[in-house]
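Engineer: Sending over a structure as structure tokens; questions will come in a sec.
The values are calculated or read from the model by the stated rules, or taken from the named source; none is laboratory data. This one's a predicted model, so the numbers in the text were calculated from it and none came from an experiment. In case anyone asks, the SASA skips ligands and DNA or RNA and just uses the protein heavy atoms, side chains included. Shrake-Rupley method; radii C 1.70, N 1.55, O 1.52, S 1.80 Å.
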Amino acid sequence: MALVKAGVVVLDCAEPEMLAEFYKGFLDAEETDVTANRVEIRGAGGTRLAFRRDVNATPPSWPRPENSLQAHLDFVVDDLDEAERRIVGLGGRPVDTKGAAGPHEERGYADPAGHSFTLRRAPSTAPKQG
């Protein structure tokens, strides 16, 4: 029997309710647990995140070195452009999209509280050509 039943990534932030709304919109998620200082969500794909109130939370400064020690989230998507439109529409911002228009295999963003995350394109199921 497994000792650990489930794992949840917890992000500290000043306003957990606001950050939960961002990720609920991005991940098509629902709230699974809410207290005065913590909101937990589960995305349609099974991703579990929680947001814990820390009134002294300082937004990460990635990619700058000061305040840069942090966790980093990766999300796999089919359509990078569609995911980017949703992220920006929800209040996130691009931080490393390789500076050129068009599709890229990976793009970096920050959520409204400043936590960084990466979108990666889902691997193609088509056979390699050539």
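Engineer: Name every residue in the range 17-50 that is at pLDDT 95 or above, within 18 Å of residue 73 (Cα to Cα) and β-branched (Val, Ile, Thr), in order of residue number.
Structural biologist: Matches in the range 17-50: 39, 41.
Engineer: Keeping to the range 15-46, report how many residues are in a loop (DSSP other than H, G, I, E, B) and open to solvent by less than 50 Å² (accessible area, probe 1.4 Å). Write out each step before concluding.
Structural biologist: So the first thing to find is which residues in the range 15-46 are in a loop (DSSP other than H, G, I, E, B), and the list is 15, 28-29, 35-37, 43-46.
If we keep only those that are open to solvent by less than 50 Å² (accessible area, probe 1.4 Å) as well, we get 29, 43, 46.
Residues flagged as in a loop (DSSP other than H, G, I, E, B) and open to solvent by less than 50 Å² (accessible area, probe 1.4 Å) within the range 15-46 amount to 3.
Engineer: Got a number for residues in the range 79-94 being closer than 16 Å to residue 120 by Cα and β-branched (Val, Ile, Thr)?
Structural biologist: Qualifying residue count, the range 79-94: 1.
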